[in-house]
Amino acid sequence: MKILPPATPALIWYPYDESEEFPMLGTGGRNAMAGPVYYREDYDASEVRFPGYFDGKAIFYDWMRNWIFTVSLTEDFQYDTMERFMPSTVFDKPVDIQFAKDGSLYVLEYGTFWSAHNDDSGIYRIEFASGNRKPNVKASADKLVGAVPLVVNFSSEGTLDFDPGDQLSFEWDFGNGKKATEPNLVFEFEKPGVYPVKLTVKDQDGASSEAVLEVKVGNEVPSVAIDWEGNKSFYFGPESVAYQVNVSDLEDGEIDSSGVNFNIDYLEGGYDLIQIGHQQEQIHPGESYIIQAGCKACHAVEKESVGPNYTAVSQKYLNQADAKTYLTGKIINGGGGVWGERVMPGHPQLEAEQVDKMVAFILGIANPQAGRGTLPLSGNFKLDKTQNPEGYYLIQAGYEDKGANGIPPQKALEQLTLRNSLVRAASADQLQDVAKANGPQFQFVKFTAKEAWIKFEKLDLTDISSLELALNPGNTKGKLQLRLGSPEGEVVGETPLLSKEDRPKGSDGQYFPVKVKLTAKQDFQDLYIVFLPEEDVSIWNTFNLNTIQFVR
């Protein structure tokens, strides 16, 4: 453009230091961002719609200063007043704000650290609530199915009311004519059946909410255990490990081994450990590869999407003799015309072994018997794929009983996940004051504050003698402690005080190894790595950890 409109002076401006004109905006780094202007009539008349108080106000926010302000303008669109929105809330780097159709406000937060995988990033829905608000009810039980008589511990823990000072009353209805008014209690079901247990919570003004649990009485869940004679968290190198799968069921009696599914699968990498645990169905390695490849962006297991769902595909090729070969070719080479005009691009980047397991999963939906076989329930398994630091062995045993006393069959599943003994620090389950630094060729963590920590949940430390840490102290000086159970738990190892001056002469690369002897511990433990600096540390001056080698 050669002809530009005249420059317009800013309505609001502020420097890094305190602003004389707008002191309420604070000090520090700055990155102002424009949000929407709220016009109440543009949104549905819902219970959560923002009130008329905000009508005509503009929203702006600062990514660096972690606040949101609303601004009122005069009739000729000049600055009038501004006020802090939700002043008691610290927003973790707001990066986008938008009103929904119902008049609620969505805030997207980037999270604390720049150029990092932030665990405190997220998208939040903010609703307006006028007058008295209903209680927010949580109901839980230590068991929802079991043999008769069934003793259950019920809890309302987590139930709350957002109105300060509200008094709550509780009523449990156990679905058999019996009721109770304690917040938490123990109840015994004496007869078989399916019981809808309802918890109703009221405040003193009569506003109420409820939660329902279904309790099935009359059929005990099977017991499935994997007796694995090696370490239950890691593999260390090629070796043969003895195992035994034990299954029992109160009502079924003697167990037919043919009804037990036992598999050990190796996954090449990229598998998200969050998906493992509390599963009702055995995880098929083919489905995990489908997730990794992004196939579920276009295909669902049952629901219609861009492409056909996997259930329909499985049923279509149920009796086709060359189905596996045909579908493998389709996935690798792509194709179209079978499901209308939709065309699927090829996936030549996928390994043949991965595609083979993907197809086995798809075909097994309509015909489970045509899927994977099962390993013997006792024997020795050779762990021979140990070079890939991102690879996992997934060990699973599952059994479904025959049902009893009118209660349908119940499933039990036991899983073990063996990961490479060389572990990325960034794969920790929880982090506190620690940033995950991500890049195309690297992934490590930065300890940014005193007593910052990372946590690995339930690691089998049996026979682990030491840990070798690949670290870089940067421009800081401090040490790392290994603690069990909590950041203040038992110290089972620690590094000496380290700075960049401790880098071994002649060492190459960004990191150098430090070996830490581990006090002998048995079985599964929550392991914390806690940072204790001797000098100042911040998000700009960090102590860095790349990998952790668990050594027997």
Give me the pairs, please: first residue somewhere in the stretch 321-342 and in contact (Cβ under 8 Å) with a residue 60 or more places away in the chain and closer than 12 Å to Val355 by Cα, second residue anywhere and in a loop (DSSP other than H, G, I, E, B) and open to solvent by 50 Å² or more (accessible area, probe 1.4 Å), beta-carbon distance under 8 Å, and either six or more positions apart or on two chains. none
Please name all residue pairs, on different chains or six or more residues apart, with Cβ atoms under 6 Å, provided the first residue is in the stretch 288-306 and is within 22 Å of Tyr266 (Cβ to Cβ) and the second residue is hydrophobic (A, V, I, L, M, F, W, C) and in a helix (DSSP H, G or I). Tyr289/Met358; Ile290/Met358
Taking the stretch 140-158 and keeping residues assigned to a loop (DSSP other than H, G, I, E, B), open to solvent by 30 Å² or more (accessible area, probe 1.4 Å) and not acidic (Asp, Glu) leaves Lys143, Leu144, Val148, Pro149, Gly158
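Per-residue answers, yes or no, for (1) in a loop (DSSP other than H, G, I, E, B); (2) over 20 Å from Arg40 (Cα atoms); (3) of a type in the set (Asp, Glu); (4) touching a residue at least 40 places away in the same chain (Cβ under 8 Å):
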residue: Pro87; (1), (2), (3), (4): yes, yes, no, no
residue: Val95; (1), (2), (3), (4): no, yes, no, yes
residue: Lys101; (1), (2), (3), (4): yes, no, no, yes
residue: Gly111; (1), (2), (3), (4): yes, yes, no, no
residue: Asp119; (1), (2), (3), (4): yes, yes, yes, yes
residue: Ile123; (1), (2), (3), (4): no, yes, no, no
Residues (at positive phi and open to solvent by 60 Å² or more (accessible area, probe 1.4 Å)) located in the stretch 378-411: Asn405, Gly406
For the stretch 19-34, indicate whether the set of residues that are of a type outside the set (Gly, Ala, Ser) and in a strand (DSSP E or B) is non-empty. yes
Odd one out for Ala242 among (1) among the aliphatic types (A, V, I, L, M); (2) more than 18 Å from Gly398 (Cβ to Cβ); (3) part of a loop (DSSP other than H, G, I, E, B); (4) at pLDDT 95 or above: (3)
Only one of Lys446, Lys455 is over 29 Å from Glu239 (Cα atoms), of a type in the set (Lys, Arg) and either within 24 Å of the chain's Cα centre (by Cα) or surrounded by 21 or more Cβ atoms within 10 Å (Cβ to Cβ) (or both), namely Lys446
Working only within the stretch 414-432, note down all residues that are over 30 Å from Phe262 (Cα atoms) and surrounded by fewer than 19 Cβ atoms within 10 Å (Cβ to Cβ). Gln430, Gln432
Test Leu422 against the stated conditions and say whether it is touching a residue at least 12 places away in the same chain (Cβ under 8 Å), aliphatic (A, V, I, L, M) and touching a Ser or Thr at 6+ places or on another chain (Cβ under 9 Å). yes
Just checking, how many residues over the stretch 166-190 are touching a Ser or Thr at 6+ places or on another chain (Cβ under 8 Å) and aromatic (Phe, Trp, Tyr)? 2
Considering only the stretch 37-57, state which residues are surrounded by fewer than 18 Cβ atoms within 10 Å (Cβ to Cβ) and not charged (D, E, K, R). Val37, Tyr39, Tyr43, Ala45, Ser46, Val48, Pro51, Gly52, Tyr53, Gly56
Among the residues of the stretch 163-183, write down those that are open to solvent by less than 90 Å² (accessible area, probe 1.4 Å) and not charged (D, E, K, R). Gly165, Leu168, Ser169, Phe170, Trp172, Phe174, Gly175, Asn176, Gly177, Ala180, Pro183
For the list (1) hydrophobic (A, V, I, L, M, F, W, C); (2) open to solvent by 70 Å² or more (accessible area, probe 1.4 Å); (3) touching a residue at least 24 places away in the same chain (Cβ under 8 Å), I need the number of the one condition that Phe77 fails. (3)
Counting just the residues of the stretch 208-239 that are surrounded by fewer than 16 Cβ atoms within 10 Å (Cβ to Cβ) and polar (S, T, N, Q), which one comes out farthest from Ala397 (Cα to Cα)? Ser208
Tell me yes or no: at least one residue of the stretch 129-138 is assigned to a strand (DSSP E or B), hydrophobic (A, V, I, L, M, F, W, C) and more than 30 Å from Ala425 (Cβ to Cβ). no
Note on the stretch 464-484: residues open to solvent by 50 Å² or more (accessible area, probe 1.4 Å), assigned to a loop (DSSP other than H, G, I, E, B) and either in contact (Cβ under 8 Å) with a residue 60 or more places away in the chain or closer than 17 Å to Leu527 by Cα (or both) are Asn475
Might you check whether a residue that is farther than 30 Å from Gln443 by Cβ, open to solvent by 20 Å² or more (accessible area, probe 1.4 Å), assigned to a strand (DSSP E or B) and among the aromatic types (Phe, Trp, Tyr) occurs anywhere in the stretch 64-73? no
Look through the stretch 322-364, keep the residues that are of a type in the set (Phe, Trp, Tyr) and part of a helix (DSSP H, G or I), and return whichever of them is surrounded by the most Cβ atoms within 10 Å (Cβ to Cβ). Phe361
Considering residues of the stretch 89-139 that are among the acidic types (Asp, Glu) and under 21 Å from Trp453 (Cβ atoms) only, the residue most open to solvent (accessible area, probe 1.4 Å): Asp119
Quick one: count up the residues across the stretch 210-239 that are of a type in the set (Gly, Ala, Ser), closer than 26 Å to Gln525 by Cβ and not in a strand (DSSP E or B). 3
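The values are calculated or read from the model by the stated rules, or taken from the named source; none is laboratory data. No experiment lies behind these values; they were computed from the predicted model shown. A quick note on method: Cβ atoms are made from the backbone with ideal geometry, for glycine too, and the neighbour counts reach across all protein chains shown. The accessibility values were calculated without ligands, DNA or RNA, using every heavy atom of the protein model including side chains. Shrake-Rupley method; radii C 1.70, N 1.55, O 1.52, S 1.80 Å.
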